[in-house]
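What follows is a short report on a single structure.
Taken together, the values in this text are just the output of simple stated rules run on the coordinates, not laboratory data. Since the model is a prediction, treat every value here as computed from it, not as a measurement. Positions of Cβ are backbone-derived with ideal geometry, glycine not excepted, and every protein chain shown enters the neighbour counts.
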Amino acid sequence: MAFPYELIKIERIHTSILHISLNRPEALNALNAALLSELENIFLEAKEDTTVRAILLTGEGKVFCAGADIKHWHAFKERWHGFCA
């Protein structure tokens, strides 16, 4: 994958399966603007890769994802305002 990722781990499980793992276990993998940006980039990369047929999305640690990281709500709301009330 082309972009350097800090908040997600990427692994090819099989030639056609891409495993993406949220990697913010200290924050229960809560979504912030940086994590969402990395997810957006990897999904765009996967879309262009004709060998990727499935994506397995998991989270590091005890929790898959706690939801939005409210400490970063302002940045989250600015970037993804269409998804926020």
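Most tightly packed first, judged by the mean number of other beta-carbon atoms within 10 Å of their residues, the peptides 8-19, 32-43 read 32-43, 8-19. Label the stretch 9-68 by shape, choosing from rounded, prolate and oblate, from the square roots a ≥ b ≥ c of the eigenvalues of the Cα gyration tensor; if a/c is under 1.5 it is rounded, and otherwise prolate applies when a/b is larger than b/c, oblate when it is not. Oblate, because a/c is 1.5 or more while a/b does not exceed b/c.
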